[in-house]
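Everything below concerns the one structure shown next.
The values are calculated or read from the model by the stated rules, or taken from the named source; none is laboratory data. Quick caveat, the model's predicted, so the values are computed rather than measured. Glycine gets a Cβ as well: all are built from the backbone with ideal geometry, and neighbour counts include every protein chain shown.
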Amino acid sequence: MNFRNTSQSWGVAAKLFHWALAALILAQIALGIAAASWPLSPAKLDLFVWHKSTGMLILALALARLAWRLANPVPELPADTPGWERAAARASHALLYLLIIAMPLSGWVVSAASGIPFRIFRWMPLPAIVEPDKVLADRAALVHFSLLVLLAALLCVHVAAALRHHYVKRNGVLLRMLPTLGRSQ
C-alpha cells in the first residue's frame with residue numbers, strides 16, 4: 001500500500017487523516033451535546049475543556065489534511081461517473097473542508113468573546129482572537145450551532161454517497177478509502 005495517493009487509490013496518509021477526523025468529529029458532536037446539556041458542575045466544565053480541545057485538534061488535523069490533499073493527486077472517479085456527480089463530489093468535499101475548519105474557528109470566537117481563558121487539554125494557552133463581547137459570543141454560538149446542523153446534514157450525504165457507490169454502483173470508490181481494503185482496484 002502506498003503512503004501517498006495514486007490516481008487509483010488513496011494513500012495511507014490520506015486514509016489516516018480521513019478516519020482520524022471522522023472519529024474525532026463524531027466524538028466532538030457527542031462531547032458538544034453532552035457539554036451543552038449537562039447541568040452546571042465541574043463535570044460540565046471538564047466536558048467543555050475536552051470539547052474545545054478536541055475542536056483545536058480537529059482544526060490542526062483538517063489544515064494538515066488539506067495541505068496533504070493539495071500536494072497529492074486525488075484518485076479519479078470511475079470513467080462512467082456523470083459530470084453532475086463529479087461536480088457534486090467536488091462541491092461537497094470543498095464544503096466539508098470549509099465546515100470542518102469553520103466549526104472550530106467559530107467555537108474559538110465563542111470562547112474568546114465569552115471572556116473565558118482557555119488552555120488546550122489544560123496545557124497550551126489558546127490566545128483570544130476577539131475581545132470579550134456578549135453580543136458577539138451569542139451570535140458566534142448561533143453560527144457554531146448552524147454550522148453543526150449543516151455539517152451533520154452534509155456528513156449524512158457523504159456517507160450515503162459512499163454507500164451508493166458501494167452497494168448500488170458497485171464501483172470500488174468506498175473500498176479505496178477503507179483502511180485495509182484500499183488497494184488499487
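Every listed requirement among (1) loosely packed, with under 14 Cβ neighbours inside 10 Å; (2) among the small types (Gly, Ala, Ser); (3) farther than 30 Å from LEU77 by Cβ; (4) in contact (Cβ under 8 Å) with a residue 24 or more places away in the chain is met by ALA152 save one, (3).
Comparison of ALA128, ALA152, ALA141 shows that the only residue that is farther than 24 Å from ALA13 by Cβ, of a type in the set (A, V, I, L, M, F, W, C) and part of a loop (DSSP other than H, G, I, E, B) is ALA128. Picking from residues in region 46-62 that are in contact with a helix residue (DSSP H, G or I) (Cβ under 8 Å, 6 or more places away or on another chain) and of a type in the set (Val, Ile, Thr), the one that is surrounded by the fewest Cβ atoms within 10 Å (Cβ to Cβ) is THR54.
Against the criterion of being at pLDDT below 95, under 21 Å from GLY11 (Cα atoms), surrounded by fewer than 17 Cβ atoms within 10 Å (Cβ to Cβ) and not aliphatic (A, V, I, L, M), ARG183 qualifies. Within region 158-180, the set of residues being surrounded by fewer than 14 Cβ atoms within 10 Å (Cβ to Cβ) and touching a residue at least 60 places away in the same chain (Cβ under 8 Å) comprises PRO179 only.
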